[in-house]
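Asks: Dropping the structure in here first, questions after.
The values are calculated or read from the model by the stated rules, or taken from the named source; none is laboratory data. Given the structure is predicted, the values throughout are model-derived calculations rather than measurements. Don't worry about glycine lacking a Cβ; one is built from the backbone with ideal geometry, like all the others, and counts go over all protein chains shown. With ligands, DNA and RNA removed, areas are computed over all heavy atoms of the protein, side chains included. Shrake-Rupley method; radii C 1.70, N 1.55, O 1.52, S 1.80 Å.
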Amino acid sequence: MAKTSKRTFYVTTPIYYVNDVPHIGHAYTTIIADALARFQKLAGKDVFFLTGTDEHGQKIEKAAADKGLTPKALADSVVGRAQDLWKALNISHDFFIRTTMDFHEKGVQKLFQMLLDKGDIYKGEYKGWYCVSDENFLADDVPLQAEGCKTCPDCLRKASVVSEETYFFRLSAYQDRLLAHYAGHPEFVRPQSRMNEVASFVRGGLKDLSITRTTVKWGVPVPGDPKHTIYVWFDALHNYVTGIGYDWNMERYEKFWPADIHLVGKDILRFHAVYWPAFLMAAGLPLPGAVYGHGWWLKDDTKMSKSKGNVLDPHVLLRSFGPDPLRYFLLREIPIGQDGNFSHEGFLHRVNSDLANDFGNLVQRTLTMIGNYFGGEIADPEEETVEDARVRTDFDGLKRRVFDLYDSCAINRALEEIWAYIGLVNKYLADNQPWIMAKDPARRRRLARVLLQAAAAIRGASYLVFPVMPGSAERIWGFLGEPKKPADVPYDDLGFEGFGPGRKVGLPQALFPRVALKDFIGEDGAAPLAPPDFRREQTKEGVIPMDLVSYEEFRKMDLRVAHILEAERVPGATKILKLKIDIGAEQRQMVAGIAETYAPEDLVGRKLIVIVNLKPAVIRGIESQAMLLAAITADNKALIPFFDRDIPAGAVVK
Ligand code: MSP
């Protein structure tokens, strides 16, 4: 992405085929796009982030027939699961396009007609080899095998012969213009190594491209010649313009087009870096800033894909860890252009070491000390020493480097830098030993300084990790009493100045789960265990078995009055509701097994008791940051004791 003074930022993911539910490989592209979108918002840009599903074509037609469904019914069933996954991963897209949407189909027909009128599309006869799985025509130089068949060089599946009347796109006419564009815009294809691949493919000669099929019924009909349907890639690529309004919301289209960056896997780079710019040139539309071809996630050194049976279901990890550890791992582990091997050991190592130990502990220790020593308030500090000042000035340098790294898509390096800084702050605390200072009343202002530097550093770091771990950053802002909108703190103003004496900070909750490998991996060492059931077991007598607890133990429970701000059903779940609650110092989300007793509209505005210092649990991919108190009836329904007169949210219950 070239650094520009442009105020808008438009990022896209590929639109996913609906022949199968998305796996970690698909989640990867979407998480990268989400981190870039969130960063650019933080940097003050007006951002549009588009994702969606690719629903036409022979591959979907065939997958639906195999399942005895219509293609639309298959698409409808898969699309909800993709959307659920994006929700569980905290993806902040602005629009989800489906290529079966009416405005998209009309836009594609309009662009097709435009190229036909110009003579860039003409009718002819196609005879050649086609790979249904990749929806791709094989190059002539792919050799015939002994049995007289050809195999797709990309996915190694058998191709089939296609011989039919077709409309061609005059791709050959764009060879020189494409090469000139690459030469003039070296950042158009990224990383650089992929630009070389693309340019040498184009230099090798481009043939006209068949862009309609008569044997595929499931597609957008060719205007005026409906026995042909439009080739799925011609249809799908145009989602990038129709999705922001081409032909139906021209104001928004004009505002955001051309895209700043199309994120794609390296397997589909050619479609985006050769065909797509040629289609756009033909239509007289501006070209996107960059096409970034990212690497693959492999399992046991092989690309994760359904046909190889080695895909990882992200929901398994999401249920136990919530979205942020997975987002962090995928973005931290490899640079965007390279392949990575997914291992549960590697994942747990990152979660336990980088998240729970380095960052989580720093937050926990610092805020607990401010709570214990200063009643939760940032106290008046003594002057900065050189060493204190370094924690502040290092942050200023870090902020600039991280900006440049995010801006150039080097997300893993941005995270490395942030963690080096977290290491420095941990060392600063270890060197200063505030827990020893606390014993000496003469050193209170020195103690206040050390804790102020650490808390301000945590605040700064939380903004910098926000693009990658938005949920955790928001929770930290809650602990620190920050306004929860990143846009409220312009990136340039981010520093220690905005944080000083008088600020009230809350008690921290555990940020990241620490999970031992043996508790996560099943007996056979391969399959992750199902997460523990969050519902409590009841005995036959309807009584929850309970050991006696001491008053000291009971006192550890932080019970508060919560005000229910929002309540909603969780798609696909019959027993739970998702609530947004106000607990005085902050707002939280929680999940409760009360959907059988209460409708969401019964709950909004009511006040009840919640436990606010339980470790968060992830239920159905949603992080639950509190637990409510309810009585369990004989038929296992939850009845909530509500307050019958007014009391402020956050009031202590004991
Ligand atoms: N429908 C086309 C894209 C059309 S865009 C106009 C398509 N869909 S896909 O569902 O097969 O793949 C979508 C994206 O997921 C691709 O960018 C692909 O590279 C990515 N991934 C699929 N498996 C992957 C991994 N194992 N690892 C990383 N990304 C992978 O192609």
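Asks: Looking at TYR130, TYR126, TYR167, can you tell me which residue is in contact with a Leu (Cβ under 8 Å, 6 or more places away or on another chain) and more than 28 Å from TYR292 (Cα to Cα)?
Replies: When all the criteria are applied, what remains is TYR167.
Asks: Would you point out which residue out of ALA259, ALA278, ALA236 is more than 24 Å from the chain's Cα centre (by Cα) and open to solvent by less than 40 Å² (accessible area, probe 1.4 Å)?
Replies: ALA278
Asks: Give me the residue from the range 222-233 that is more than 10 Å from the ligand (Cβ to nearest atom), surrounded by 15 or more Cβ atoms within 10 Å (Cβ to Cβ) and not β-branched (Val, Ile, Thr) and, out of that set, nearest to the chain's Cα centre (by Cα).
Replies: At the first step, the residues of the range 222-233 found to be more than 10 Å from the ligand (Cβ to nearest atom) are 222-231.
Those still in the list that are surrounded by 15 or more Cβ atoms within 10 Å (Cβ to Cβ) too: 222-223, 228-231.
Pick out the ones that are also not β-branched (Val, Ile, Thr) and you get 223, 228, 231.
On the way: PRO223: 37, HIS228: 37, TYR231: 30 Å.
If we take residues in the range 222-233 being more than 10 Å from the ligand (Cβ to nearest atom), surrounded by 15 or more Cβ atoms within 10 Å (Cβ to Cβ) and not β-branched (Val, Ile, Thr), then TYR231 is nearest to the chain's Cα centre (by Cα).
Asks: Step by step: first the residues of the range 362-400, then only those that are in a helix (DSSP H, G or I) and more than 35 Å from the chain's Cα centre (by Cα), then the one that is surrounded by the fewest Cβ atoms within 10 Å (Cβ to Cβ). Which residue is that?
Replies: VAL386
Asks: Right, next: What number of residues within the range 239-250 are open to solvent by less than 10 Å² (accessible area, probe 1.4 Å) and not polar (S, T, N, Q)? Talk me through it step by step, then tell me what you get.
Replies: Going residue by residue through the range 239-250, those that are open to solvent by less than 10 Å² (accessible area, probe 1.4 Å) are 239-245.
Then keep just the ones that are not polar (S, T, N, Q); that gives 240-241, 243-245.
Qualifying residue count for the region: 5.
Asks: Then there is this: Exactly one of these conditions fails for LEU285: (1) aliphatic (A, V, I, L, M); (2) more than 16 Å from the ligand (Cβ to nearest atom); (3) not in a helix (DSSP H, G or I). Give me its number.
Replies: All conditions are met except number (2).
Asks: Also, I was wondering about something else. When you look at TYR253, is it open to solvent by less than 20 Å² (accessible area, probe 1.4 Å), more than 11 Å from the ligand (Cβ to nearest atom), part of a helix (DSSP H, G or I) and closer than 19 Å to PHE103 by Cβ, yes or no?
Replies: It is true that TYR253 is open to solvent by less than 20 Å² (accessible area, probe 1.4 Å), more than 11 Å from the ligand (Cβ to nearest atom), part of a helix (DSSP H, G or I) and closer than 19 Å to PHE103 by Cβ.
Asks: For the range 40-55: of the residues being touching a strand residue (DSSP E or B) at 6+ places or on another chain (Cβ under 7 Å) and more than 11 Å from the ligand (Cβ to nearest atom), which is most open to solvent (accessible area, probe 1.4 Å)?
Replies: Taking the candidates together, the pick is LYS41.
Asks: What do you reckon, is THR99 under 25 Å from PRO223 (Cβ atoms) and within 11 Å of the ligand (Cβ to nearest atom)?
Replies: When the stated conditions are applied, THR99 passes them.
Asks: Which pairs have Cβ atoms under 8 Å, sit 6 or more apart or on different chains, and link a residue in the range 254-268 that is within 10 Å of ALA290 (Cβ to Cβ) to one that is assigned to a loop (DSSP other than H, G, I, E, B) and modelled with pLDDT under 95?
Replies: Qualifying pairs under 8 Å: ASP260/MET1; ASP260/LYS6; ILE261/MET1.
Asks: Would you confirm, using the coordinates I've provided, whether ALA37 is of a type in the set (Gly, Ala, Ser), buried (at least 20 other Cβ atoms within 10 Å of the Cβ) and away from the ligand (no atom under 15 Å from the Cβ)?
Replies: Yes: the conditions hold for ALA37.
Asks: Under 6 Å between Cβ atoms, which residue pairs at least 6 apart in sequence (or on different chains) link something in the range 4-32 that is open to solvent by 10 Å² or more (accessible area, probe 1.4 Å) with a partner that is in a strand (DSSP E or B) and more than 7 Å from the ligand (Cβ to nearest atom)?
Replies: Correct list of pairs: ARG7/ASP46; THR8/ASP46; ILE15/GLY52; ILE15/THR53; TYR16/THR53.
Asks: Just to be sure, is ARG81 among the basic types (Lys, Arg), farther than 28 Å from ARG332 by Cβ and open to solvent by 40 Å² or more (accessible area, probe 1.4 Å)? Reasoning before the result, please.
Replies: Working: among the basic types (Lys, Arg): yes; farther than 28 Å from ARG332 by Cβ: no; open to solvent by 40 Å² or more (accessible area, probe 1.4 Å): yes.
No; evaluated as a whole, the condition is false for this residue.
Asks: Now a separate question. Just checking, does the range 515-528 include any residue being at pLDDT 90 or above and either open to solvent by 50 Å² or more (accessible area, probe 1.4 Å) or among the β-branched types (Val, Ile, Thr) (or both)?
Replies: No.
Asks: I've got another one for you. Going by the conditions given, is LYS207 more than 15 Å from the ligand (Cβ to nearest atom) and outside any loop (DSSP other than H, G, I, E, B)?
Replies: Considered against the rule, which asks whether it is more than 15 Å from the ligand (Cβ to nearest atom) and outside any loop (DSSP other than H, G, I, E, B), LYS207 comes out as no.
Asks: Right, next: Please tell me if ALA487 is at pLDDT 90 or above, in a helix (DSSP H, G or I) and among the small types (Gly, Ala, Ser).
Replies: Spelling it out, it is not the case that ALA487 is at pLDDT 90 or above, in a helix (DSSP H, G or I) and among the small types (Gly, Ala, Ser).
Asks: I would also like to ask the following. Any chance the range 288-295 includes a residue that's farther than 24 Å from ALA82 by Cβ, more than 9 Å from the ligand (Cβ to nearest atom) and either open to solvent by 20 Å² or more (accessible area, probe 1.4 Å) or part of a helix (DSSP H, G or I) (or both)? Steps first, please.
Replies: Here is the first cut: in the range 288-295, the ones farther than 24 Å from ALA82 by Cβ are 289-290.
If we keep only those that are more than 9 Å from the ligand (Cβ to nearest atom) too, we end up with 289-290.
In the following step, the residues that additionally are either open to solvent by 20 Å² or more (accessible area, probe 1.4 Å) or part of a helix (DSSP H, G or I) (or both) were identified as 289.
The answer is yes; a qualifying residue exists.
Asks: Evaluate the following for TRP218: is it within 17 Å of TYR130 (Cα to Cα) and open to solvent by 30 Å² or more (accessible area, probe 1.4 Å)?
Replies: For TRP218, the condition - within 17 Å of TYR130 (Cα to Cα) and open to solvent by 30 Å² or more (accessible area, probe 1.4 Å) - is met.
Asks: Could you please find all residues in the range 73-99 being of a type in the set (Asp, Glu), out of contact with any Pro (no Cβ under 9 Å at 6 or more places or on another chain) and more than 12 Å from GLU55 (Cβ to Cβ)?
Replies: ASP94
Asks: If the Cβ limit is 6 Å and pairs must be 6+ apart or interchain, which residue in the range 637-654 that is within 11 Å of LYS607 (Cα to Cα) pairs with which residue that is among the acidic types (Asp, Glu) and part of a loop (DSSP other than H, G, I, E, B)?
Replies: That search, which allows pairs on different chains as well, returns nothing.
Asks: Between ALA180, ALA199, which is open to solvent by less than 60 Å² (accessible area, probe 1.4 Å) and without any contact (Cβ under 8 Å) to a residue 24 or more places away in the chain?
Replies: ALA199
Asks: Going by the conditions given, is GLY376 farther than 23 Å from PRO470 by Cβ and touching a residue at least 24 places away in the same chain (Cβ under 8 Å)? Steps first, answer last, please.
Replies: Values: farther than 23 Å from PRO470 by Cβ: yes; touching a residue at least 24 places away in the same chain (Cβ under 8 Å): yes.
So GLY376 fits the description; yes.
Asks: Can we say VAL311 is closer than 25 Å to ALA236 by Cβ, aliphatic (A, V, I, L, M) and open to solvent by 20 Å² or more (accessible area, probe 1.4 Å)? Break it down into steps so the answer makes sense when it comes.
Replies: Details: closer than 25 Å to ALA236 by Cβ: yes; aliphatic (A, V, I, L, M): yes; open to solvent by 20 Å² or more (accessible area, probe 1.4 Å): yes.
In short, yes.
Asks: Please identify the pairs in which a residue from the range 307-321 that is at pLDDT 85 or above has its Cβ atom under 8 Å from the Cβ atom of a residue that is of a type in the set (D, E, K, R), counting only partners at least 6 apart or on another chain.
Replies: Close Cβ pairs (under 8 Å, with a partner that is of a type in the set (D, E, K, R)) amount to ARG319/ARG620.
Asks: Can you pull out every residue in the range 114-144 that is assigned to a loop (DSSP other than H, G, I, E, B), among the acidic types (Asp, Glu) and within 16 Å of TYR231 (Cβ to Cβ)? Walk me through it before giving the result.
Replies: Within the range 114-144, the subset assigned to a loop (DSSP other than H, G, I, E, B) is 119-120, 132-135, 138-144.
Then keep just the ones that are among the acidic types (Asp, Glu); that gives 120, 134-135, 140-141.
Those that are assigned to a loop (DSSP other than H, G, I, E, B), among the acidic types (Asp, Glu) and within 16 Å of TYR231 (Cβ to Cβ): ASP120, ASP134, GLU135.
Asks: Looking only at the range 318-342, count how many residues are part of a helix (DSSP H, G or I) and within 16 Å of the chain's Cα centre (by Cα).
Replies: 14
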